[in-house]
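See below for the structure under consideration.
Derivation of every value follows stated rules applied to the coordinates shown; laboratory data play no part. These numbers come from a predicted model, not from an experiment. Positions of Cβ are generated from backbone atoms using ideal geometry, with glycine treated the same way; all protein chains shown enter the neighbour counts.
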Amino acid sequence: MGKLRHIALYADDIEATATFYQNSFDLKRVLVRDFAITLSDGVVSLAIVDARRNANGRTGLDHVGFLVDDMEAAASKLVAAGSEHCGQIGRERANSNIERKYNDPNGLVFDIVTAEHARPVWGIPA
């Protein structure tokens, strides 16, 4: 069974946005890159991504992510429900054994990942 453990949003100012969520909800920085800051409460990660990296420059919710115990079982269940595999999370670190993207009936793309991806990238215990 999957567990909601990740939310990603695009922001114009990732530093100001990260600082807001840190100060408002006592989230901790778990990963900082030039294009994104990932925060966590220890259970769920919040990735704040530079909107200039997005092709259409929009801000707001980008995707959610689910932690799964068994990638193949989760993928089979999604396909049986009508979802389509939409690719990998990051081209430079793509590994379909630990992370994949799928879509919901509305076209929203979401991540499914194993603990091997969630620990270092989302910064959460898994």
Between residue 39 and residues 5 or more places away or on another chain, which pairs have amide H atoms under 5 Å apart, with H built 1.01 Å from N, and which residues are they?
30, 46, 47, 48
Where trypsin sites (Lys or Arg not before Pro) in DSSP loops with at most 15 other Cβ within 10 Å are excluded, longest remaining stretch of the chain
59-126
Is there a quick way to get the dipole size of the range 1-49? I mean about its Cα centre, with the Cβ of Lys and Arg at +1 and of Asp and Glu at -1; what is the value in debye to the nearest 20?
320
For the chain, with equal point scatterers placed on the C-alpha atoms only and solvent neglected, what are the log10 I(q)/I(0) values from the Debye formula at q = 0.18 1/Å, to two decimals?
-0.97
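Return the percentage of antiparallel bridges among DSSP beta bridges fully within the range 1-117, rounded to the nearest 5 %.
On the way: 23 of 32 bridges.
Antiparallel bridges make up about 70 percent of those DSSP assigns within the range 1-117.
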